[in-house]
1. Could you please give the count of residues in the stretch 463-480 that are touching a strand residue (DSSP E or B) at 6+ places or on another chain (Cβ under 8 Å) and under 30 Å from residue 655 (Cβ atoms)?
2. Here are the criteria: (1) in contact with a helix residue (DSSP H, G or I) (Cβ under 9 Å, 6 or more places away or on another chain); (2) surrounded by 24 or more Cβ atoms within 10 Å (Cβ to Cβ). Tell me which single one residue 146 does not satisfy.
3. Taking the condition of being within 38 Å of the chain's Cα centre (by Cα) and over 11 Å from residue 737 (Cβ atoms), how many residues in the stretch 685-697 meet it?
4. Given the options 533, 558, name the one that is out of contact with any strand residue (DSSP E or B) (no Cβ under 9 Å at 6 or more places or on another chain) and touching a residue at least 40 places away in the same chain (Cβ under 8 Å).
5. Which of the residues belonging to the stretch 532-547 are surrounded by fewer than 18 Cβ atoms within 10 Å (Cβ to Cβ) and not in a loop (DSSP other than H, G, I, E, B)?
6. Taking the criterion of being without any contact (Cβ under 8 Å) to a residue 40 or more places away in the chain and assigned to a strand (DSSP E or B), would at least one residue in the stretch 1010-1017 satisfy it?
7. Kindly establish whether residue 278 is surrounded by fewer than 17 Cβ atoms within 10 Å (Cβ to Cβ) and modelled with pLDDT under 70.
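The values are calculated or read from the model by the stated rules, or taken from the named source; none is laboratory data. All figures in this text were calculated on a predicted structure; none of them were measured in a lab. Methodologically, a virtual Cβ is constructed for each residue, glycine included, from the backbone with ideal geometry; neighbour enumeration extends over all protein chains shown.
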């Protein structure tokens, strides 16, 4: 067969014509009309009854012959057999010898199809439509996706996809509606009755069942599921030459899946064939022309390791089930549809020179990408009756971006595992207008979705300990805030990943002892177990041990079991299998909520819990059963932890005591400190790797290191006198000793000194304001503020962060502003205006305002404009004078022009009011009508544009100086209230964020081009944004994080 064919002619779904039947004389006449010659020697063109359904397959005679065989078999009564597995109607198609020759997937029996035969999917789609399907894919287009994957495979000479084309077939075993079957039966019976009495005359022109359009994929033999093959490899590894061959085939699968962005690739839908045969057998097969599309690739390697030099091993991969590919956008962060092959060890090996030489020259040629790949895919997709050129162009933009990433990864020597960690890219085609005509050369633009995170601090609550998790390899540590789990590099905390798959607040997260998985638990009692090795963090399992808040969890050292404790409605703890979720014991014996749990890390396994009934409970297992309860504490037990060698465990409680117990029997051994270890509650406790020293963190604002052999403290760290200096958690990982305060601040402690070696600062409350300040002495710095009144100064790479000190806000910071001269000011719900000093370290001035401020802007003359109450206040920084200008409407927002001579004030009167600034006077210039309350206004820094957003999510851009509307009724992409607007420094881009969690970026020079970043802050409203430069912006949200985005057009 010709494996390189790329010609896929356009088929009109409604263009088929079925012949009439003149006389029906047999009562046994089937519903299906003859679609093939009744004699195998009759040519297809000579058959007058053959419908021209698939006669356009003229470029591939061998494939056309397979289709003819299928039609003959159907006519002969050998009907396609429905495949039980899967979510759609798909069929094994056989020939006259009852041999399976292909798989047919009708369009109308796909999961979204009208005639999907799987009743479970029908219930899913009917009863839960919001959770049905994949939001990044075009519904009911799987048959085109199957054929499209075959085109990519042929064009790149990968030869791993069984040849697939779009064809039409009709068979009685397909799922047709009952009315159509009944109608055909009635017409046939009437014609037969009339023919018997009226000399062969007929009433109806019978046309048979309608053929179904769908994908037809050639069947491959002697293949097994990859899952089966990979499990065999665990027990019987491949020899070196065979392993190399498998690696080369695996790389072809990676190339295909990544380019088409397959959202459903797991180890159950790709196949592997492993054959051992002699060279003479292989030569005979090749000389006889045996083989198929995916086997016509020279990849046979002689296995020198075998006893016979003539024995060879053939390994082939077949990529089937490609129907959930070609998305029109990158998957959302909360549901990424990862590539499951990224977990395999083969994914850690860099791309070989063989695959690079095969595909890299093609992928680096944009003409090849456009004409040979994109145009062919567009031609294929255009035959769908619901074809939308704009949607297909979006699909191709994603594919071009995938190709760009893949080519770059190969040039950089990356592995498939590193490839999938690269940020999603969109490459759009520009035609016409300023970029050339449609007939001229095509140009492209790239959009990079590359967020880096300025992480939040742990979310803390007074009187409640927090749980930190450590990577067994000593590279990262974990903590939680809101519905997010933060994974930070312990050497460089600015390197951070965020897991945001929980639907409610996460309470704790721990690494498995192998370091391959992380288990996280939330306030609803759900435990999610997910991969720690890759950026996609693929979910392995999700369980709900009980209904209620889980406060702590722990793994057994064999990675097989998990214990959780908390405040459940029916029980306070549970221990279960990490693989299946089945119970492996009973955690009972306590009368109040469990605060802490742990496992003995060595055999025989033991489990311990600390609870609010002042008790430590001891369990033996597995299966785990209650053994004894120790009631040595007088107040809540906050933390229990086993030593790494399993010989002892320690408990810390609100009574300030630390008690040591025998790890095997639970007998009390000793107590640290005299009379108590701390004067306040103990919230954190952990051991060092030698099992000799213990670190404790307490509400008395100290942390201590204890030598358990002497029972005395060998180091004491004091953190201050403020309430927020209470220490509520700690971690000892290798040489790093960490303690967490009530403010969320993470302090690195020096083992040999009492001064911290590093302090991680930031926010642990919702971020409400953001600005970037620049001056010659300080450079460029980022300022962010949160609803607790805290303002943090960041370096642009996020590695340095410092809290603003001095007379700070006592309530939420409403807004921040700065100008080109480096003046930084803030307003808060404490009804004050505060100004930073010239070094940007602390506040040095404060002005009390007459009302609650809503917005602030600063011009380059250091005049500060504030809207509060029903007035505009002008504060002249040099004179320190506050001037108030009453307004006849209630203002909501304010912006100042780059020249400082004009301000815009948004109002609740559905208008934007433009004023000129004349000294201390404001003069009305014009009013811009809006459809609803104006919520945000902004001038572009270059003075060319002005934008406003109203409460109906409309964003309108105006051309200055005449305020001519450019985008009226066009920029309405948000689904909730817009919270901030900002232009890039060059004025070419306008960004907006909203409560709907999304970020939108508009182009002022091409108003039809909009970049949409859905879920920019997953599951959290985005509250503010600012630009660092023309291509980089920052957003802040209720997840307490800053995210930095790079957008290049």
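1. As a first pass, look at the stretch 463-480 and keep what is touching a strand residue (DSSP E or B) at 6+ places or on another chain (Cβ under 8 Å): 464-472, 474-480.
Filter again for under 30 Å from residue 655 (Cβ atoms), leaving 464-470, 477-480.
Going through the stretch 463-480 one residue at a time, the tally reaches 11.
2. Unmet condition: (1).
3. Of the residues in that region, 4 qualify.
4. That would be 558, the only listed residue that is out of contact with any strand residue (DSSP E or B) (no Cβ under 9 Å at 6 or more places or on another chain) and touching a residue at least 40 places away in the same chain (Cβ under 8 Å).
5. 539, 540, 541, 542
6. Start the filter on the stretch 1010-1017 by keeping residues that are without any contact (Cβ under 8 Å) to a residue 40 or more places away in the chain, which leaves 1010, 1017.
With the extra rule that they be assigned to a strand (DSSP E or B), the set shrinks to 1010.
Yes: the stretch 1010-1017 contains one or more residues that are without any contact (Cβ under 8 Å) to a residue 40 or more places away in the chain and assigned to a strand (DSSP E or B).
7. Yes: the conditions hold for residue 278.
Yes or no, residue by residue, for (1) in contact with a strand residue (DSSP E or B) (Cβ under 6 Å, 6 or more places away or on another chain); (2) outside any loop (DSSP other than H, G, I, E, B); (3) modelled with pLDDT under 90:
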position: 146; (1), (2), (3): yes, yes, no
position: 151; (1), (2), (3): no, yes, no
position: 157; (1), (2), (3): no, no, no
position: 162; (1), (2), (3): yes, no, no
position: 168; (1), (2), (3): yes, yes, no
position: 176; (1), (2), (3): no, no, yes
